[in-house]
Amino acid sequence: MGEHGWWKALGGLLPNGGLSPNEAGSMDMIFDSERWTMAEERTAELIACIQPNAVSEGRRNAVANYVQRLISKCFPCQVFTFGSVPLKTYLPDGDIDLTTFSKDRNLKDTWVHQVLDMLQNEEKHENAEFRVKEVQYIQAEVKIIKCLVENIVVDISFNQLGGLCTLCFLEEVSDAKPATACGIFISGVSGMIDLLGICVSFNLP
């Protein structure tokens, strides 16, 4: 009966009220286009809900600056943010990652207690600039102090270069103009050299 003879024998009607193969193919194209447009619109709505904006960015930067100031009161140091906040890739419930560098090698064994005491005192401070709560010390391979500041999770570490290396490399690649893989690699190496300067400055291994 030929490729579509069975359909013609039924007078152009298919069981279950279906369409002919040619008509079905045409409708698939229409539906595919409509569904694709709908998917793009829904995706755009979702991204708009979760992507960083001026308000969330300002709030997170304010919290990060606040914690940096508190840590700096404990001992001479520099505190850097890394991870999703400076890269502006955080989700609404994403945390703020901070790492502290100091030239005083003796702080390696005491910094945790000093920062922990400071945050716990700030937790009791009713008139604090931001609300601090749930301060805890995570005794893992990399020691971390974790707390909530304005309901944002803040993780604090000490002398950790790994996150800064990743941040520096990704920023260099992001800022680089279209180039060869070699050119991007060189941009990343440039950032790594800057980090080596931090190592030397703070006598890090």
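The values are calculated or read from the model by the stated rules, or taken from the named source; none is laboratory data. Because the structure is a prediction, the values reported are computed rather than measured. Glycine also receives a Cβ, built like all others from the backbone with ideal geometry; neighbour counts cover every protein chain displayed.
Quick check on my filter: what residues within region 95-111 are over 18 Å from Gly162 (Cβ atoms) and either modelled with pLDDT of 90 or more or not in a helix (DSSP H, G or I) (or both)? Lys103, Asp104, Thr110, listed by residue number. Scanning region 112-139 for residues that are part of a helix (DSSP H, G or I), touching a helix residue (DSSP H, G or I) at 6+ places or on another chain (Cβ under 9 Å) and of a type in the set (A, V, I, L, M, F, W, C) yields Val115, Met118, Leu119.
What number of residues in region 54-89 are out of contact with any Asp or Glu (no Cβ under 9 Å at 6 or more places or on another chain), assigned to a loop (DSSP other than H, G, I, E, B) and loosely packed, with under 12 Cβ neighbours inside 10 Å? Total satisfying the criteria: 0. Here Glu40 meets the list (1) over 30 Å from Val132 (Cα atoms); (2) at pLDDT below 75 almost entirely, failing just condition (2). Every listed requirement among (1) at pLDDT below 85; (2) over 30 Å from Cys49 (Cα atoms) is met by Ser72 save one, (1).
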